[in-house]
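Each value in this text was obtained by applying a stated rule to the coordinates, not by laboratory testing. All figures in this text were calculated on a predicted structure; none of them were measured in a lab. So basically every Cβ, Gly included, is an ideal-geometry build from the backbone, and we count neighbours across all protein chains shown.
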Amino acid sequence: LYYIIKKKKKKKVSSSRKTISREAARKRRRVETDVFEDLSRLLPLQPSVQSQLDKPSIIRLTLSYIRMQTLLKEDAVLEDRSSWEDKPLHGMYHRTITEVANIKKSYQ
């Protein structure tokens, strides 16, 4: 009899822990979704495209945007050099532009 009572209490505790854990996971996912929506709104994209982005695309586009901004700032600093041959070549230019083009193609 003692064993049966103890087992029922254990199931009850386990069930409440699962409920608490489930609710915490829902809250984390909600917060995560809100953050991704905020981040996608900051990207310079049309609203119709923003609404169709999934989380990995938002991250890729954000990284590409940051890379482009960084490269443009570096390029502005290097503008005072005498010729284009003196400027360092950035492989990131091509990579970033290709990433943005591929993502744009997938939503057309």
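Structural remarks
- The label-point distance for Leu63 and Leu42, in a model that sets each label 7 Å from Cα toward Cβ, rounds to 1.6 nm.
- Packing, as the average of other Cβ atoms within 10 Å across residues, places the peptides 63-70, 32-39 in the order 63-70, 32-39, highest first.
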